[in-house]
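Student: I am attaching a structure below and will ask some questions about it afterwards.
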Amino acid sequence: MGKKKVTSSDVAKAAGVSQATVSMVLNRKYNVSFSKETIQKVEQAAGEMGYEIPKRKKRKESRKEKLIVVFCPNLTNPYYVMLLQGIETRAKEQGFGLFICNTQRELKMEERYLKMMWELKPLGIIYTCNPSRCFMELVEELAEHIPIVVVNNQNERLNVDAVELDNSKLGRLMARHLLELGHRKVAYIAPPLTTRQKQRSKRVEGFLKEFESRGLKQNVIIKAADEKIDMSVPNIDSEYKIGYDLTKELLREQNDVTAIVGLNDMIAFGIMDALQSEKYKVPGDISVMGCDNTLFARMHKVSLTTIEHFVVFKGRDACDIIMKKIASQNSKVSEFQPISTYHVEYEPKLIVRGTTSYAKTKISSKAKNISNKLKDKS
């Protein structure tokens, strides 16, 4: 039989002290004071008996969370929620967690989050819109160390991976649909068209170019919200209110438009409700169109005609690009690290529903009502 292993209890008996005292003395617990005699007795007994202090099991370093950071300008527009849904689905499948940075379109907030990335060291970063121009240098510097993907406007050439969107193409597609239905006098309602939000302007430009090609550019009324709206934290109904308020303003100024377009679905819902409150029929009197094909587009009382550009798929693709970059960093097939830039683009698709129809060539029911009231008064 093998020799019995000496325990701290055996040492305690031999030294005439408690087991706790043995443990504290031998492990040099200096926060408790013992007499020199006690320390000497314990150390002598341990030495004579050949007692060895058990080696502590080293704590396994907690596994670092596989983290992807997502920069988002706001979480009130279903478009961004759909992008996040696509990103999260793919990230979850691959065992990654998400950290959402909601910048609220605020430069200081975006800068603060970007500077945090050096310390946070995520495995990848996804921008769900174009980074602000003043931070592009910082974004490209980060991209040299961390895979970064931007879901961006195709016309913005960036030195990072991108899931692209040709916003001017979306605008042309919207215009083409209305022109085919005979609409010649139309309005376009948009959020602030600032240089920071170039993707919005590109969508409007595409729309105008299509009307210009038919010699009808002067027949398009552009109504954009004031720039100060982008300076405040967006509410859940911010874009809806843009559509609602600017439509009310439009109707006070013009009564001959046959179609109104919203830059996105949320604005289009505001347009529809404003028209209803003014007793206009959609699409009988005025057609309405949106863009993004969000979930609510098919849940409204009158389903919205809109543009599908596969937002959820873009989110998945952005995440897939991050995964590919991480995989290429971890696998060496040669002594050199491969440099690759991915660019993905989907072809947008017109979704015709119940809010657009042929332009009325005769007087509308709303105009008839006004005319009849005037006749009655006379």
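The values are calculated or read from the model by the stated rules, or taken from the named source; none is laboratory data. Note that the coordinates shown come from a computational prediction; the quantities given were computed from them, not determined experimentally. Heads up, the Cβs are rebuilt from the backbone with ideal geometry, glycines too, and the neighbour counts pull from every protein chain shown.
Student: If you go through the range 171-189 one residue at a time, do you hit one that is within 17 Å of Tyr79 (Cβ to Cβ), in contact with a helix residue (DSSP H, G or I) (Cβ under 8 Å, 6 or more places away or on another chain) and assigned to a loop (DSSP other than H, G, I, E, B)?
Tutor: Scanning the range 171-189 turns up no residue that is within 17 Å of Tyr79 (Cβ to Cβ), in contact with a helix residue (DSSP H, G or I) (Cβ under 8 Å, 6 or more places away or on another chain) and assigned to a loop (DSSP other than H, G, I, E, B).
Student: Inspect all residues belonging to the range 120-127 and state whether any of them is of a type in the set (Val, Ile, Thr), modelled with pLDDT of 95 or more and under 30 Å from Pro283 (Cβ atoms).
Tutor: So the first thing to find is which residues in the range 120-127 are of a type in the set (Val, Ile, Thr), and the list is 125-126.
Then drop every residue that is not modelled with pLDDT of 95 or more, which leaves 125-126.
Among the residues that remain, those that are also under 30 Å from Pro283 (Cβ atoms) are: none.
The answer is no, given that none of the residues of the range 120-127 is of a type in the set (Val, Ile, Thr), modelled with pLDDT of 95 or more and under 30 Å from Pro283 (Cβ atoms).
Student: Okay, moving on. Which members of the range 181-202 meet the condition of being farther than 19 Å from Ser132 by Cβ and out of contact with any Lys or Arg (no Cβ under 8 Å at 6 or more places or on another chain)?
Tutor: Leu181, Gly182, His183, Arg184, Lys185, Val186 - these are the residues of the range 181-202 that are farther than 19 Å from Ser132 by Cβ and out of contact with any Lys or Arg (no Cβ under 8 Å at 6 or more places or on another chain).
Student: Does Gly86 satisfy the criteria of being within 11 Å of the chain's Cα centre (by Cα) and more than 24 Å from Asn235 (Cβ to Cβ)?
Tutor: yes
Student: If you don't mind, there's one more thing I want to ask. From the list Thr21, Thr38, Thr76, pick out the single residue that is polar (S, T, N, Q), at pLDDT 80 or above and part of a loop (DSSP other than H, G, I, E, B).
Tutor: On inspection, the qualifying residue turns out to be Thr76.
Student: Tell me yes or no: at least one residue of the range 131-140 is outside any loop (DSSP other than H, G, I, E, B), among the β-branched types (Val, Ile, Thr) and in contact (Cβ under 8 Å) with a residue 40 or more places away in the chain. So that I can check it myself, show each step before the final result.
Tutor: Residues of the range 131-140 that are outside any loop (DSSP other than H, G, I, E, B), as a first pass: 133-140.
With among the β-branched types (Val, Ile, Thr) added as a condition, the list becomes 139.
Subset that is in contact (Cβ under 8 Å) with a residue 40 or more places away in the chain: none.
No, there is no match, as no residue in the range 131-140 is outside any loop (DSSP other than H, G, I, E, B), among the β-branched types (Val, Ile, Thr) and in contact (Cβ under 8 Å) with a residue 40 or more places away in the chain.
Yes or no, residue by residue, for (1) among the basic types (Lys, Arg); (2) more than 20 Å from Arg176 (Cβ to Cβ):
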{"position": "Pro191", "(1), (2)": "no, yes"}
{"position": "Gln199", "(1), (2)": "no, no"}
{"position": "Lys209", "(1), (2)": "yes, no"}
{"position": "Glu212", "(1), (2)": "no, no"}
{"position": "Gln218", "(1), (2)": "no, no"}
{"position": "Lys228", "(1), (2)": "yes, yes"}
{"position": "Tyr240", "(1), (2)": "no, yes"}
{"position": "Gly243", "(1), (2)": "no, yes"}
{"position": "Thr247", "(1), (2)": "no, yes"}
